[in-house]
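The values are calculated or read from the model by the stated rules, or taken from the named source; none is laboratory data. Note that the structure is predicted; figures quoted are calculated from it, not measured. Ideal geometry is used to build each Cβ from the backbone, glycine not excepted, and the neighbour counts take in all protein chains shown.
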Amino acid sequence: MGTRPTEFRPFVPSANSLTIVITPPKGTMAKYLISFPSAAMVVSDGEWEAVGRDSHAVIAEAKAACVYVFGGGIDESVAPALVSADGAVSEGGYPWAPPLDGGFTVLELPSREEAIAWAARIAKACRCDQELRVFGFDPQS
C-alpha cells in the first residue's frame with residue numbers, strides 16, 4: 001500500500017491539474033447534502049421524543065413535496081471498513097480523516113435558496129445547526 005498523509009489535505013487545483021466543470025442544464029434540480037456531526041446535537045434527555053417527532057415531520061414534508069432523496073444517521077456502533085481496489089478490507093476509516101458521524105439528508109431542489117430554507121427547517125427540528133453542501137452535477141447520475 002502507498003503512504004497516507006498524516007493530516008487532511010483537500011484537493012487544490014494547480015496549473016498542472018485538469019479541472020472539468022459541467023454546468024447543469026437550465027431548470028435542472030441539484031442534490032443538496034444537509035448534515036450535522038453527532039457532537040453538534042446537544043439535547044436534554046427530556047427533549048429527545050420531541051426532536052424525533054419534529055425531525056420525522058420535516059422529512060415527511062420533504063417526501064410529500066417530492067424533494068426527498070435519502071436520509072439517515074450513521075450507526076456509530078458499527079466501525080467503518082476501508083476497502084481497497086483489490087478488495088482487501090481493513091477495519092476503520094482513513095486514519096488521517098476526521099470521523100464521519102451524525103445525521104444526513106439529501107434533497108433535490110431547484111435552488112440554493114430553497115436548500116437553505118429546508119436546512120433551516122431541519123436545524124429547528126434537530127435543535128442544531130446544519131451544514132449545507134451541493135453535489136457536483138453529473139449528467140450520468
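Of note:
Residues are listed down the side, and each one gets a yes or a no for (1) without any contact (Cβ under 8 Å) to a residue 60 or more places away in the chain; (2) under 27 Å from V42 (Cα atoms); (3) among the acidic types (D, E); (4) not in a strand (DSSP E or B):
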{"site": "W96", "(1), (2), (3), (4)": "no, yes, no, yes"}
{"site": "L100", "(1), (2), (3), (4)": "yes, yes, no, yes"}
{"site": "F137", "(1), (2), (3), (4)": "no, no, no, yes"}
{"site": "S141", "(1), (2), (3), (4)": "yes, no, no, yes"}
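- Within the stretch 66-90, tally of residues that are more than 20 Å from the chain's Cα centre (by Cα) and not hydroxyl-bearing (S, T, Y): 6
- For the stretch 35-94, filtering for residues that are surrounded by fewer than 10 Cβ atoms within 10 Å (Cβ to Cβ), assigned to a loop (DSSP other than H, G, I, E, B) and either in contact with a strand residue (DSSP E or B) (Cβ under 7 Å, 6 or more places away or on another chain) or not hydrophobic (A, V, I, L, M, F, W, C) (or both) leaves 7.
- Count of the stretch 107-120 residues which are under 14 Å from G71 (Cβ atoms) and either at pLDDT below 95 or surrounded by fewer than 18 Cβ atoms within 10 Å (Cβ to Cβ) (or both): 1
- The C-beta contact set for the stretch 107-125 (first residue in a strand (DSSP E or B), second residue aromatic (F, W, Y) and surrounded by 17 or more Cβ atoms within 10 Å (Cβ to Cβ), distance under 7 angstrom, 6+ apart or interchain) comprises L107/Y32; L107/Y68; L107/W118; L109/Y32; L109/W118.
- Residues (surrounded by fewer than 15 Cβ atoms within 10 Å (Cβ to Cβ), of a type in the set (A, V, I, L, M, F, W, C) and touching a helix residue (DSSP H, G or I) at 6+ places or on another chain (Cβ under 8 Å)) located in the stretch 121-141: V134
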